[in-house]
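Working notes for the structure below.
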Amino acid sequence: MRLRVGVQVAAALLLSAPAVAAKKPPLSWQASGDRIAVPTAHLSLSKTAGSAVMTETHEFSRKGEGLDNVAQFETPDRKIFGTAYVYLPAYPDVALTAYQTDRSIRGRFGAITFTEQSVVASDGHPGTVIRLVYSDGRAEKVNGGEPVATAAAFLRASGWIVKLRASGPAERRSEVVAVLDGLLAGLRIDKGTYVHPVGLLQLAAPCPAADRPAAVVPKTDKTTARVLAAAMNSAVVTIDPKGKKDDLARPFPNNGLQQACVRGTIKHGDSSIDLLQPVGLADPDTVVGVINDAGSMLVIEKALTSPGYDFKVAEIGVANIYGSYDAIPSVTQINALFSGTATEGTSRQASVKLLATGDTRMDIVMESAK
């Protein structure tokens, strides 16, 4: 059977979240005058960005839930394009999002380099945006194979990730950058929304771990409590700090403020996933692998209630909790889990579901949690 724990985590865990008004706000884009807003994310954008104007808004995935929102911009001649993504991932981190988007851009456009790489302000909040501008690149199916200029910016407002992109012909580079900066300049964040400080992700020398397999923790009468604690730990990831005296540990790598190193690399289809961990720790609390640039993460976290580690996959709007191990699984083990050649420890034990309204619900699957 399934036990549905319909919990507003703000109440159950004494963690604060925005109060839900009697009249629910629209879940996705709402236009008003010269602006478009995602009310549940407490932010809005101008309908113009440099020489580009907004042409379309929609939900990229999870239709009707307001969790994955996209606004598209283009110049009148349809040569320069801008995109604003506003989405609610279960493991929100600005630096990891920028890191994986950078990998995607390089995979698409070839041997390009940064012409600008900086941390800037957003709507009066200093040090909250990672801004990247690239040298010209080429892609066979983009701009007829001619050189392309591209730029991107990233920030986190409460639990929401905002990703801004602009691209166009290389000879119009200044317009491309102006579209990105116009998107950023037109961003308004509601008063009281916490905008997270960020840093450029700093990778130290690789920190390979011994390839020793970890054992799956057997199910006992304490397993349900362990799974519930793992689910609660995933809910805590999205909670904002409440001030300088807040002692809640910030999830690694804390939007780039914590240095990382590559523990190992696993295969994922035609690409690969770097397993990142904090520098200088043989047994870190967290290992993260960024699966894609759309909010999907592999997360291995130290268990809250007992020794060992919990294996999770976080996506937009949901974190799924799978098996628990007595240690961090080896790179070989994780490869086997992702390729499907290993099945032990792959049963889903719980899901933590995020709602655009700010609520969080837990779904504990009791059959596999016995």
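For the stretch 278-318, a residue qualifies if it is part of a strand (DSSP E or B) and within 14 Å of Asp93 (Cα to Cα), and the qualifying residues are Thr286, Val287, Val288, Gly289, Val290, Met297, Leu298, Val299, Ala314, Glu315, Ile316. Within the set Ala204, Ala209, Ala157, the sole residue that is within 18 Å of the chain's Cα centre (by Cα) and in contact (Cβ under 8 Å) with a residue 24 or more places away in the chain turns out to be Ala157. Kindly evaluate Arg212 against the criterion of being of a type in the set (D, E, K, R) and either more than 28 Å from Arg348 (Cβ to Cβ) or surrounded by 20 or more Cβ atoms within 10 Å (Cβ to Cβ) (or both). Answer is no for this residue. Please work out if Ser330 is modelled with pLDDT under 90 and over 12 Å from Gly289 (Cβ atoms). Answer is no for this residue. Might you check whether a residue that is among the β-branched types (Val, Ile, Thr), in a strand (DSSP E or B) and either in contact (Cβ under 8 Å) with a residue 24 or more places away in the chain or in the same structural domain as Asp359 (by TED's automatic domain parsing) (or both) occurs anywhere in the stretch 97-112? Within the stretch 97-112, not a single residue is among the β-branched types (Val, Ile, Thr), in a strand (DSSP E or B) and either in contact (Cβ under 8 Å) with a residue 24 or more places away in the chain or in the same structural domain as Asp359 (by TED's automatic domain parsing) (or both). Name the residue that is surrounded by the fewest Cβ atoms within 10 Å (Cβ to Cβ), counting only residues in the stretch 124-143 that are under 15 Å from Phe154 (Cβ atoms) and modelled with pLDDT of 95 or more. Only one residue tops the list, namely Gly127.
Counting only residues that are on the phi > 0 side of the Ramachandran plot, among the small types (Gly, Ala, Ser) and out of contact with any Leu (no Cβ under 6 Å at 6 or more places or on another chain), the stretch 42-69 holds 2 of them.
Find the residue count for the stretch 93-112, including only residues that are within 18 Å of Leu201 (Cβ to Cβ) and either out of contact with any Phe, Trp or Tyr (no Cβ under 7 Å at 6 or more places or on another chain) or of a type in the set (D, E, K, R) (or both). Adding up the residues that qualify gives 11. Scanning the stretch 210-240 for residues that are farther than 18 Å from Asp283 by Cβ, in a helix (DSSP H, G or I) and of a type in the set (A, V, I, L, M, F, W, C) yields Ala225, Val227, Leu228, Ala229, Ala231, Met232, Ala235, Val236. Remark: pairs (first residue in the stretch 294-318, at negative phi and not assigned by TED's automatic domain parsing to the domain that holds Thr220; second residue of a type in the set (Asp, Glu) and buried (at least 21 other Cβ atoms within 10 Å of the Cβ); Cβ separation under 8 Å; 6+ apart in sequence or on different chains) are absent. Could you please find all residues in the stretch 185-203 being of a type in the set (Gly, Ala, Ser), surrounded by fewer than 17 Cβ atoms within 10 Å (Cβ to Cβ) and at pLDDT 95 or above? Residue satisfying the conditions is Ala185 alone.
The values are calculated or read from the model by the stated rules, or taken from the named source; none is laboratory data. As the structure is a computational prediction, the values presented were derived from the model and not from experiment. Virtual Cβ from ideal backbone geometry, glycine too; neighbours counted across all protein chains shown.
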